[in-house]
Amino acid sequence: MHKAICLIIITLFTCVLYSQTPKTENDSTRVKKDSLSKKEFIKQLGNGFFPTKFLNIDLKYLVKYNQYEALRTGLGGVTNNQFSEKYRINSYVVYGFKDHRFKYKIGGGFRVNESTETWINLSYTDDLQETGSSTFLTDKRFFSFFEPRLLNIDLFHKHITKAVSIEHKFSKNLLSELEFGTSKIEPTYDYIFNVDGTSYRTFDITSAKLALQWSPFNINKLNEKGVSEVKEKYPKFTLQVSQSFKNNIKGDFNFFKTDFRIIHRFIHNTHSYTEATVKTGLATGKTPLTHLYHAYPNNITKETILQRFSVAGINSFETMYFNEFFSDRFTTLQLKHFVKPFKITERYRPQLVLISRMAIGDMHNIERHQDIEFGTLSKGYSEAGFEINKLLFGFGLSFAYRYGSYHLPLFADNIAAKFTFNVSL
């Protein structure tokens, strides 16, 4: 492992240092390229990368924090077209200061078709993943500058994953990715998966996944380099199906999963709109808790409102406590109404957002999951609240209230008050 970590560090630092070697060009050429370079630089930052000559440094690996690792910091990046238009290296190495472990990924790919942007990728990953999280393969192509839920997560499982994937663009509006992989899973918490008379504390997963991202109304334009730029339009659809196989090599369970998400915006006028997000998931077969679903909770289990004060997520349930519910089938609906920003000054314009969230789910064979306690969402979960964003330096305030079937006896336990953080480049 240490050899692999050293290899990643040496490769990344070599690319960064070489990327700083200045080019020799005349002044007139430099002036012509200056405005375009600045625009491209801002665009790359907005996508989560700090561009250098041959390597785009991935900003999401620099500094993070969660309850299991505490401070997590490292270096990662992906080579760009100046390095090669047909080959790329995509790797990272990070260190957790609380668990005292290095995590890393060694990855790369090669392009097999330019017009359809078809790439074949190989990767080896030794890292953590949040239990109950369900991510779409195509989402890794979209960047969130700040991921506030990570601050509060404490339920992780270790995984060592070897994977090969194929990226393919059927059209400018339809992205796809197919992945085959094997993973060795080890929960970092007390958990036993009891199935067919056998108790598993660690297990192996062999799976195939197919993800489709369809944005039928996106507007595509060509820039000076011939690369399409996308102006986002709605609705957007994402579908992912996965099948895990039980075999004699690297698979302990057979199970099937399907996940679907739709995001739509109802535009009322230039400054006001309503955003609706529906997400569903279904897991059948012998599925361990690590690969089931939560509903993106974001509330710490502490006694008072002030002790629970943290940072609100983007699409998370702010009053739902971490590890409170898990499901093998669920549906969530989130509604956000963005009111016209208050024009205090030309530059200072806070914005009110009204929010309503609902979730419903259930679980078969709950007795399989031992040494851990949780509930299901069979009665339907509801919360409502509001945000006042961009009050100061991108920070704002969020308030949410839990009501309905899962309303708690103590009034204060149903309230979540938090910071929000919104920044755009």
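The values are calculated or read from the model by the stated rules, or taken from the named source; none is laboratory data. What you see is a predicted model; the values in this text were computed from it and never measured. Note: ideal-geometry Cβ built from the backbone for every residue, glycine included; neighbour counts use all protein chains shown. Heads up: the accessible areas ignore ligands, DNA and RNA and are worked out on the full protein's heavy atoms, side chains in. Shrake-Rupley method; radii C 1.70, N 1.55, O 1.52, S 1.80 Å.
Within segment 248-264, restricting attention to residues that are basic (K, R) and modelled with pLDDT of 95 or more, which residue is surrounded by the fewest Cβ atoms within 10 Å (Cβ to Cβ)? I'd like the intermediate steps shown before the answer.
First, pick out the residues of segment 248-264 that are basic (K, R): 250, 257, 261.
Then drop every residue that is not modelled with pLDDT of 95 or more, which leaves 257, 261.
Values: K257: 22, R261: 20.
It comes out as R261.
Give the number of residues within segment 192-209 that are in a loop (DSSP other than H, G, I, E, B) and at pLDDT 95 or above.
Here is the first cut: in segment 192-209, the residues in a loop (DSSP other than H, G, I, E, B) are 196-197, 201-202.
Adding the requirement that they be at pLDDT 95 or above leaves 201-202.
Selection size over segment 192-209: 2.
Going through segment 66-79 one residue at a time, which ones are surrounded by fewer than 16 Cβ atoms within 10 Å (Cβ to Cβ) and under 18 Å from N298 (Cβ atoms)? Reasoning before the result, please.
The initial filter retains those residues of segment 66-79 that are surrounded by fewer than 16 Cβ atoms within 10 Å (Cβ to Cβ), namely 67, 70-71, 73.
Residue satisfying the conditions is Q67 alone.
Give segment 82-108 a look and list any residue that's without any contact (Cβ under 8 Å) to a residue 40 or more places away in the chain, of a type outside the set (K, R) and either closer than 24 Å to L178 by Cβ or in a strand (DSSP E or B) (or both), or say none.
Residues satisfying the conditions are S84, E85, Y87, N90, V94, Y95, G96, G107, G108.
Looking at E367, is it assigned to a loop (DSSP other than H, G, I, E, B), open to solvent by 20 Å² or more (accessible area, probe 1.4 Å) and among the charged types (D, E, K, R)? Even if it seems obvious, please write down each step before you answer.
On the way: assigned to a loop (DSSP other than H, G, I, E, B): no; open to solvent by 20 Å² or more (accessible area, probe 1.4 Å): yes; among the charged types (D, E, K, R): yes.
In short, no.
Scanning segment 308-321 for residues that are open to solvent by 20 Å² or more (accessible area, probe 1.4 Å) and not aliphatic (A, V, I, L, M), which turns out nearest to T376 (Cα to Cα)?
Of everything passing the filter in segment 308-321, Y321 is nearest to T376 (Cα to Cα).
Taking only pairs six or more apart or across chains, which ones have beta-carbon atoms under 7 Å, a first residue in segment 225-247 that is within 18 Å of F266 (Cβ to Cβ) and open to solvent by less than 50 Å² (accessible area, probe 1.4 Å), and a second residue that is hydroxyl-bearing (S, T, Y) and at pLDDT below 95?
From residues that are within 18 Å of F266 (Cβ to Cβ) and open to solvent by less than 50 Å² (accessible area, probe 1.4 Å), the pairs are K236/S215.
Within segment 80-99, which residues are within 21 Å of F156 (Cα to Cα), open to solvent by 60 Å² or more (accessible area, probe 1.4 Å) and of a type outside the set (D, E, K, R)?
Across segment 80-99, the qualifying residue is only F97.
So M358 ticks every box in (1) closer than 30 Å to T270 by Cα; (2) touching a residue at least 40 places away in the same chain (Cβ under 8 Å) but one. Which box is left unticked?
Exception for M358: condition (2).
Quick check on my filter: what residues within segment 62-81 are farther than 25 Å from R111 by Cα and either assigned to a strand (DSSP E or B) or among the aromatic types (F, W, Y) (or both)? Give the steps one after another, and end with the answer.
If we filter segment 62-81 for residues that are farther than 25 Å from R111 by Cα, which is where we start, we get 62-74.
Result: V63, K64, Y65, N66, Y68, A70, L71, R72, T73, G74.
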